[in-house]
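Notes follow the structure.
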Amino acid sequence: RAVLSRGLAAGPNFSKALAESRQLAEDWHGAAGGRITIQLGPHALYTCPPATLAPVLDLAAEL
C-alpha cells in the first residue's frame, strides 16, 4: 500500500505543481488493485496562503 502526494507550496511553480498533482491522481489513484492512494499535499499554512489553498480545495472536491 502507498499514500502519495506531490508537495505544493506558493511560488512561481505552483500552477505547474497543481497540474502535476492532478495528473498524478488521474494516473495512479486506485491503481494496483486500490492499494495506491493519491492525496493533495499542501506543505503548511505558512507556505500556502488562502489564495494558494483555494485551488487545492477546488481540485480536491473535483477529484
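We did not get these values from a lab; they are worked out from the coordinates using the rules stated. The structure presented is a predicted model; accordingly, all values stated were derived computationally and were not measured. Methodologically, a virtual Cβ is constructed for each residue, glycine included, from the backbone with ideal geometry; neighbour enumeration extends over all protein chains shown.
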message: Would you confirm, using the coordinates I've provided, whether Ala9 is of a type in the set (Gly, Ala, Ser), surrounded by 12 or more Cβ atoms within 10 Å (Cβ to Cβ) and in contact with a helix residue (DSSP H, G or I) (Cβ under 8 Å, 6 or more places away or on another chain)?
response: yes
- line: Flagged in the stretch 23-63 as surrounded by 12 or more Cβ atoms within 10 Å (Cβ to Cβ), touching a residue at least 12 places away in the same chain (Cβ under 8 Å) and farther than 18 Å from Leu4 by Cβ, in numbering order, are Thr47, Cys48, Thr52, Pro55
- line: Within the stretch 12-22, residues being surrounded by 13 or more Cβ atoms within 10 Å (Cβ to Cβ) and free of Cβ contacts under 8 Å to residues at least 24 places away in the same chain number 2
